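Each remark here refers to the structure printed beneath this line.
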Amino acid sequence: MTGLYFFNERVGYLPGTNNLGVVVCAPGRAIAVDTGIDKEAARVLRRACDVAGLQIVATLLTHHHADHVGGNDYFERNIPGLVCYAPRREAPFIEDPYLEPSYLSYGAAPIAPLRNRFVMATPSVVHHRIEPGLLTIEQVTLQIMAIPGHSLAQVAVLVDDVCFAADGFFGTAVLSKYGVPYAHDVLAQVASFDVVRSFDVTHWIPGHGDVQSSATIDATLDQNRQAVTRGIMLVRDACTMPSSFQQIVAHVQQRMGLQSSALAQYAVFASGISAYVTALHTQDVLTVELTNEGPVWRLNQ
């Protein structure tokens, strides 16, 4: 079992597919920054904290996506008095994860393949809805910074000289695997890259990928920008001829050599591509026309 890695006496993380943060808030007591995709991920984090002599007493969730909040229910059921903090606009999705597959289904009741742990986390209670600014939990003060884009109101958590960056950027291997970074709002995501770089810290811990230092963060953020630019250009190219949204998604997948192996994977990918379409429409690059066969997108003349 992988153990905790500490940057200093009170800030550490558990490396993994999802990097999970730990902040010591009082002697023998700790805050978990995100909780993993399910109860098994949460158990691994709890055991690692036990080995380090730490009891998790609070969870701080950066955004509502299932791979970051799915283990929260385990902590709430098994640690009496545990308190959960999450951004105000993310909290409804954490408390009612049914909302996630619903919006992937155009607001309709989601089909069964969309109601799995990769999309729909186990619900848990958010005790404190937070906003960006200073947040004190027991004996430690954290700086909560808004980095929206990947999700509606995602936050980064800064403590000492470490930033828990959530999905404010992705590691190189993650970018290579998925091709186009998932976004709720592409323009906000790009703006948040600059916010992430502005933090006065020495280490950035992404939700997925290797820890970055002051020597590497610029190159990694540039790779993220390049991946977003690639996504924008692929969507733009798909609309050289009038195209339905499904045709746009298919074009991007084919050009990137990607193939969805499950409906949930396709739905999430398509949702991300929709954010790129929205960005180009906002910039007046694309226009939409309602036809007898549904909406058709094309380049503005």
Interatomic Cα distance distribution for the chain, bins of 20 angstrom, percent: 34, 55, 11, 0
Radius of gyration, Dmax [the range 127-219; alpha carbons; angstrom]: 13.3, 41
Charged-residue dipole, Cβ positions (Lys, Arg, Asp, Glu), the range 5-229 about Cα centre, Debye nearest 20: 440
Stretchable slack from MET256 to THR17, in nm (0.36 nm times residue separation minus alpha-carbon distance): 83.8 nm
Between the range 119-166 and the range 1-52, the alpha-carbon center distance in angstrom: 15
Amide H contacts under 5 Å for THR59, placed H, 5+ residues apart: ALA32, VAL83, CYS84, TYR85
Cα-only Debye scattering, the range 230-299: base-10 log of I(q)/I(0) at q = 0.21 Å⁻¹: -0.85
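List the longest stretch of the chain that has no exposed loop site; here a site is one of the GluC sites (Glu not before Pro) assigned by DSSP to anything other than H, G, I, E or B, with at most 10 other Cβ within 10 Å.
Of all site-free stretches, the longest is 10-292.
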Under the span-like rule (Cα at least 24 Å along the axis, Kyte-Doolittle mean at least -1.0), DSSP H helices of the chain: 217-238, 263-282
For PHE169, distant residues with modelled amide H under 5 Å away: GLY207
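Values in this text are rule-based calculations from the coordinates and carry no lab data. None of these values were measured; they are calculated from a predicted model. We place every Cβ from the backbone using ideal geometry, glycine too, and count neighbours over all the protein chains shown.
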